[in-house]
1. For His87, His71, give the ranking by accessible area with the largest first, probe 1.4 Å.
2. Cross-link list Lys52/Lys119; Lys52/Lys116; Lys31/Lys67; Lys52/Lys125: which exceed 32 angstrom alpha carbon to alpha carbon?
3. First check a/c for the range 9-59, with a ≥ b ≥ c the square roots of the eigenvalues of its C-alpha gyration tensor; if it is under 1.5, answer rounded, and if not, answer prolate when a/b is larger than b/c or oblate otherwise.
4. Leaving out ligands and nucleic acids, note down the accessible area per residue over the range 1-86 with a 1.4 angstrom probe, in whole Å².
5. Explain nothing, just the number: relative contact order of the range 2-85, from Cα pairs under 8 Å at least 6 residues apart, as a whole percent.
Amino acid sequence: MVRKLSTSSFYIQLYQIIEDRSSDQIISWSKSNNNSFVVWDLKKLRSNILPKYSSVLGKNVMEFIAKLRSHGFRSVAKGPGELEFSHDDFSRSPLMKKLMAKALSERIERFDAQIKALKCRLKAKKASLKVETLFQNLSI
């Protein structure tokens, strides 16, 4: 079963990491295929990237690979110490970049709305506590 691409945190985070030019020596798009990426340096992936994004990508290389497979990625034969993964719907393209940016923007908007709702609840709770305090002071 090939899993279709969605705008889950996993795909967004992975796309951002692969697009980040500063990590090209560790992980980057394949030079020969627009639908795959290569992990060039497993040690640096383990020490520099996975600790920062462990909640989404996994805590170690085996967990990362398991998550890739569960999200529809398949392994592509590569040299020793290098791993390549491919997904038919995960690609290096302007459209994909726009889709990921839009998905990230939507997530930020939802997060902002949640923060706004929490602030309103907090403000209401504070007002309620002030009223309770006033009533307590009146009854003394």
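The values are calculated or read from the model by the stated rules, or taken from the named source; none is laboratory data. Please read these numbers as outputs of a predicted model, since none were measured by experiment. SASA here: full protein model, heavy atoms, side chains in, ligands and nucleic acids out. Shrake-Rupley method; radii C 1.70, N 1.55, O 1.52, S 1.80 Å.
1. Numbers: His87 0, His71 25 Å².
Largest to smallest exposure gives the sequence His71, His87.
2. Numbers: Lys52/Lys119 28 Å; Lys52/Lys116 27 Å; Lys31/Lys67 23 Å; Lys52/Lys125 35 Å.
Long pairs (Cα-Cα over 32 Å): Lys52/Lys125.
3. On the way: a/c = 2.01, a/b = 1.30, b/c = 1.54.
Oblate shape, in that a/c is at least 1.5 and b/c is the bigger or equal ratio.
4. Values: 4840 Å² over 86 residues.
Per residue, the range 1-86 has 56 Å² of solvent-accessible surface.
5. Values: 96 pairs, mean separation 23.2, N = 84.
The normalised contact order for the range 2-85 reaches 28 percent.
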